[in-house]
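In what follows, a single structure is set out as structure tokens and then discussed.
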Amino acid sequence: MLVSEFDYNLPPELIAQTPLEPRHDSRLMVLNREKHMVSDYFFYDLPLFLKPGDLLVLNNTRVIPARLFAVKQGSSGMVEIFLLKQLSRNRWECLVRPGKRAKPGTSLIFDEGITGQITGTVVDGGRVIEFPPELDLRNWLERCGQTPLPPYITHKLANPERYQTVYSRYEGSVAAPTAGLHFTPPLLEKIRQQGIQIQFLTLHVGMGTFRPVKTEVVEEHTMHPESFTLPDDLSQAIIRTKKAGGRVIAVGTTTVRVLESQALSPDEVQPGSGETNIFIYPGYDFKIIDGLITNFHLPKSTLLMLTAAFAGREFILESYRRAVETGYRFFSFGDAMLIV
């Protein structure tokens, strides 16, 4: 299967640069797989398509301020750092730009303004930065870090919380699980009152979500591992839901990847924590999810391939063409899609 089979034409003006307010005012395209039908609603209409006894599963990860700027010691050259993965208390795997300024042994100076400076050391081939052992890194990042918005968003975000879901809880992501950005507390409460269960898992989204597929053949691509936690309460809720004839609706591709990687059978998942690099593309046999809420994804991306695996490649691309023609907003701050 070729990566080029997941391409489509997107006018740049349809890439959403700013989020809508309120969140649930975004548009919602509903795809019915059985009837091969597409209809247009708003996200606040979501309860119309959920049934009592359904289970809605969301990813409660929280984005850290993982974008930093430093100066190479002894020069004026600015370096941009994206924290990707915490390896130990004060060691992080990073993406450094430009990489030629961050050779092993290089000292990077982070300016804290009136509070002074922090020095980090580049180690392990230029992909890891070691911060001072006495540094309270989390508090320091809150003061000095910036929200790591995707590269296709060029506008400055006025409120960093707008790149967090309203239910975000556990810090660790460098990108938001964007399907969840549409939910508001009133909408979640309305869903609960309708007799729909809401449960959470955690998958910390890595920088791999921004990286393009560089192979020509889909099957040759390797996903970057991402850490997750699937609670026992969720595992038990899935068993109860399936036995009662309810549906498991995943909010976002991150949620899908955890549920499917932990599937033991068509009605059971293994609780626990670990890492997953599951790659889902057309031909995959879904074991757990019955529905998917997702955003509109980049051409030739692994996220588009996952949604195509669930809905069918031709149906997805047909729906994307329709979304372009009718002015849907795309990507992280864009509109949403419900596939049932």
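If packing is taken as the mean number of other Cβ atoms within 10 Å per residue, what is the order of 117-123, 101-107, 65-71, highest first?
With the highest mean Cβ count within 10 Å placed first, the list reads 65-71, 117-123, 101-107.
GluC sites (Glu not before Pro) within the range 1-57: which are DSSP loop residues with at most 15 other Cβ atoms inside 10 Å?
Answer by residue number: Glu34.
Report the local net charge at Leu83: Lys and Arg +1, Asp and Glu -1, summed over other residues whose C-beta lies under 12 Å from its C-beta.
+2
Using each residue's phi in the range 85-96, evaluate 6.51 cos²θ - 1.76 cosθ + 1.60 at θ = phi - 60° and report the 3J(HN,Hα) Karplus result to the nearest Hz, with x for Gly and Pro.
Along the range 85-96, the couplings run 7, 7, 8, 7, 3, 10, 10, 10, 6, 9, 10, 10 Hz.
Full extension from Asp25 to His155: what is 0.36 nm times the residue separation minus their Cα-Cα distance, to one decimal in nm?
So the chain would gain 44.8 nm between Asp25 and His155.
Can you give the net charge of the other residues whose Cβ lies under 13 Å from the Cβ of Pro47, counting K and R as +1 and D and E as -1?
0
Using only Cα atoms, figure out Rg for the chain and give it as a multiple of 2.2 N^0.38 Å.
1.03
Okay, helix-only estimate at 222 nm for the chain: each DSSP H run of n ≥ 4 adds -39500 (n - 2.57), divide by all residues, round to 500 deg cm²/dmol; what do you get?
-5500 deg cm²/dmol, from helical runs alone.
When the chain is treated as a GNM, springs tying every alpha-carbon pair under 10 Å, which of Pro271, Pro151, Pro19 comes out with the largest mean-square fluctuation?
Taking springs between Cα atoms under 10 Å, the residue moving most is Pro151.
Given +1 on the Cβ of Lys and Arg, -1 on the Cβ of Asp and Glu, and no further charges, what dipole in debye does the range 216-255 carry about its Cα centre, rounded to the nearest 20?
540
Can you tell me the relative contact order of the chain? Whole percent, Cα pairs under 8 Å, sequence separation 6 or more.
25 percent.
Grab the Cα-Cα distance for Val324 and Gln73, subtract it from 0.36 nm times how many residues apart they are, and report the gain in nm with one decimal.
My answer for the length gained is 85.6 nm.
Just Gly77, Gly126, Gly274 to compare: in a GNM of the chain, with alpha carbon springs under 10 Å, which one fluctuates most?
The residue that fluctuates most here is Gly77.
To the nearest 20 debye, what charge dipole does the range 226-313 have about its Cα centre, counting +1 at the Cβ of each Lys and Arg and -1 at the Cβ of each Asp and Glu?
Magnitude of the dipole: close to 320 debye.
Can you tell me how much longer the chain between His36 and Gln270 gets when fully stretched, taken as 0.36 nm per residue apart minus their C-alpha distance, in nm with one decimal?
Here the segment from His36 to Gln270 would lengthen by 81.0 nm.
Are there any GluC sites (Glu not before Pro) in the range 179-219 that are in a DSSP loop and have at most 12 other Cβ atoms within 10 Å? List them by number.
Within the range 179-219, the qualifying GluC sites (Glu not before Pro) (loop, at most 12 other Cβ atoms within 10 Å) are Glu216.
How many lysine pairs in the chain, separated by 8 or more positions in sequence or lying on different chains, have Cα atoms less than 16 Å apart?
Lysine pairs satisfying the spacing and distance rule in the chain number 8.
Charges on Cβ only, +1 for Lys and Arg, -1 for Asp and Glu, centred on the Cα centroid of the chain; of Ser107, His36, Ala309, which one is farthest towards the dipole's positive end?
Result: Ser107, furthest along the dipole toward the positive end.
So, counting K/R as plus one and D/E as minus one, what does the shell of residues with Cβ under 15 Å around Ile198 add up to?
Summing Lys/Arg as +1 and Asp/Glu as -1 gives +3.
Run the dipole for the chain about the Cα centre, Lys and Arg Cβ at +1, Asp and Glu Cβ at -1, nothing else charged, and hand back the magnitude in debye, nearest 20.
Using Cβ point charges on Lys, Arg, Asp and Glu, the chain gives about 380 debye.
Under 10 Å, Cα contacts only: if you run a Gaussian network model on the chain, which one of Gly145, Gly252, Gly180 comes out with the highest mean-square fluctuation?
Looking only at Gly145, Gly252, Gly180, the biggest GNM fluctuation is shown by Gly145.
Across the range 67-144, how large is the tail of the calculated P(r) beyond 13 Å, expressed as a percent of all Cα pairs?
So the portion of pairs separated by more than 13 Å is 64 percent.
A short reminder: the numbers here are calculations on the coordinates, not readings from a lab. Everything quoted here is computed from the prediction, not taken from an experiment. No Cβ is skipped: glycine too gets one built from the backbone with ideal geometry, and neighbour counts run over all protein chains shown.
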